Amino acid sequence: MIEEFSRQAALTVCLALASVHVGAAHADTWPNRPIRIIVPFAPGGPDVTARIVGQDLGNRLGVQFIIENKPGANGIIGAEIVAKAAPDGYTLMVTSTSIAINPSVYRKLPFDPARDFTPITSIAAIEGLLVAVNASNPARTLQEFLAWARAGNKVAYGSPGHGNQIHVASALFESMARLDMVHIPYKGAGPAVAALLANEVQVLLVTPPLSLPHIQSGKLRALAYTHTARASFLPAVPTMAEAGFPGFVIDGGWFGLFGPAGLPADIVDRLNAGVREALATATVRDRITALGLEPVGNSAQAFRATLETDIRRYTEMVRTAKIQPE
C-alpha cells in the first residue's frame, strides 16, 4: 500500500513538472511566425491605430504583424473570423466600440462579444465626435445647418454601418434636433467620409482621425464637438452644448486589441505589456495623439470591465435612439 502511494505521489510530481515544462516551452516558443491582426472595417478606421502599434509591437516581439481589413456588417464578418480562430496568439483583432453595440442592434450574432473573445487592452480612446459637413454647404455653424435642413433641403447622414457608434450618436442627434434625416450605412468609417466628401451625404458625426486631414485642407467643415470641452486640435470648434445642445455629450468610443476566447494568459500578458510599452514611447504616443486619439493601454481585466459596461450602456442608448434591431 505504501509502495502504491509512493508511485502515485511520484506520478503526481512528474505530471506537475511536465505541466511546468510545457508552459515554459509555450512561453519560450511564442511567437515564432507572423501574427495577423484582423481589422473588421474598411481602411481608414481602427486599422490606422493597428498599424502604428503593430509596427512597434513587431519590433519588440521579433515577428511581423500583418494587418488585414475584413469589412462588412458593422464589424461582424471580421470578428467572426477571430472568434473561430485557434487561441494560439497568431490571430488577433483590433476593433472599435461597435463590438459592444452589436448585441443591441442585431437579433442574431455568430458570436457573443463577452464570451467568445479575450480582451487584451484598450489601445486608444476617442474623446468625442465631430459634426462635419462638406465645405460647399452654406452652413458655418450648427444652428445654420439646422436652419438649412429645415428649409426643405434633403439631408442624409452616413455611418460605418447599422448600429455603429456613429449611427447611434447620429440617431440621437436627429431625435434631439427634431430633424428627419435618411441614414445611409457604409462598410466602414473611411467610405462614410468619402461619401461626405462627394456630397452623397450632407452631414456626418465622425471621429477626428478620419476627418482632421480633410478639415485642415478645407474640404470639410466641423460645426461642433460632442465632448464636454473643446478639442485641443480644433480649439475654434464649439462643443455641442455651446452650439445649442446642452446635455449632448457622446464619447467616440475606443479601439481595442482582442484575441479569441481561451487565449493563454502568458500570451495575453506579453501582448498587454508590449502594447503598454509601445504607448509609453514618445514616437507612438505622438503619432496617436496627432490623430486626435488618447492613448490608453489599460490592463486586460480593466478592458474586459469596459467591454461589459459598454454592452449594458449601449443597450440603453440604442433604445433611446429608437434604432430597430436587424
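Just so you know, all these numbers are worked out from the coordinates, no wet-lab data involved. Since this is a predicted model, take the numbers as computed values, not measurements. Neighbour counts run over all protein chains shown; Cβ positions are idealised from the backbone, glycine included.
If you run the Gaussian network model on the chain, springs between alpha carbon atoms under 10 Å, then out of THR283, THR228, THR118 the most flexible one is THR283. About its Cα centre, the chain has a charge dipole of approximately 800 debye under the convention of +1 per Lys or Arg Cβ and -1 per Asp or Glu Cβ, with nothing else charged. With θ taken as phi - 60° and the Karplus curve 6.51 cos²θ - 1.76 cosθ + 1.60 applied, the whole-hertz 3J(HN,Hα) list for region 117-133 is 9, 10, x, 9, 5, 7, 7, 8, 10, 10, 5, x, 10, 9, 8, 10, 10 Hz, x standing for glycine and proline.
Here the sum of -39500 (n - 2.57) over DSSP H runs of 4 or more residues, divided by the residues of the chain, equals -14500 deg cm²/dmol at 222 nm, to the nearest 500.
Here's the list of aspartates and glutamates a cross-link from LYS84 could span, going by alpha-carbon distance under 13 Å and ignoring same-chain residues fewer than 8 apart: ASP112, ASP116.
Taking amide H positions as modeled 1.01 Å from N, with prolines and chain starts lacking one, the residues under 5 Å from TYR186 and 5 or more places away or on another chain are SER159, GLY161. Using C-alpha pairs under 8 Å with a sequence gap of at least 6, the mean separation divided by the residue count of region 130-225 gives a relative contact order of 46 percent. The distance separating the Cα centre of region 36-97 from that of region 120-164 comes to 27 Å.
Put simply, the amide H of SER299, placed in the peptide plane, has no neighbours under 5 Å, leaving out anything fewer than 5 places away on its chain. Taking a ≥ b ≥ c as the square roots of the eigenvalues of the Cα gyration tensor, an a/c ratio of 1.5 or more together with a/b no larger than b/c marks region 259-326 as oblate.
Backbone phi angles across region 280-294, fed through the Karplus curve with coefficients 6.51, -1.76 and 1.60 (θ = phi - 60°), yield HN-Hα couplings of 7, 7, 4, 4, 5, 4, 5, 5, 6, 5, 5, 7, x, 10, 10 Hz in residue order; Gly and Pro are listed as x.
In summary, the lysines within cross-link reach of LYS154, defined as a Cα separation below 24 angstrom excluding same-chain residues under 8 places away, comprise LYS187, LYS219, LYS322.
Which of the aspartates and glutamates could a cross-linker span from LYS108 if the Cα-Cα distance has to be under 13 Å and same-chain partners fewer than 8 positions apart are dropped? Output for LYS108: GLU80, GLU326.
For region 184-279, the list of GluC sites (Glu not before Pro) that fall in a loop by DSSP and count at most 15 other C-beta atoms within 10 angstrom reads GLU200, GLU242. Residues whose amide H falls under 5 Å from that of ALA156, counting only those 5 or more places apart or on a different chain, are VAL182, GLN202, VAL203, with hydrogens built in the peptide plane.
Computed from backbone phi, the HN-Hα couplings of region 185-201 come to x, 10, 8, x, 6, x, x, 5, 5, 4, 5, 5, 4, 8, 6, 6, 10 Hz, rounded to whole numbers (Karplus: 6.51 cos²θ - 1.76 cosθ + 1.60, θ = phi - 60°; Gly and Pro given as x).
How high is the relative contact order of the chain, in percent, with contacts defined as C-alpha pairs under 8 Å that are six or more residues apart?
Values: 624 pairs, mean separation 86.7, N = 326.
The normalised contact order for the chain reaches 27 percent.
Between ALA290, ALA282, ALA305, the GNM of the chain built on Cα springs shorter than 10 angstrom shows ALA282 fluctuating the most. Axis of helix 300-321 versus longest Cα principal axis of the chain: the two differ by about 30°, to the nearest ten degrees. Of the trypsin sites (Lys or Arg not before Pro) in region 176-229, the ones in a loop by DSSP (not H, G, I, E or B) with at most 12 other beta carbons within 10 Å are ARG178.
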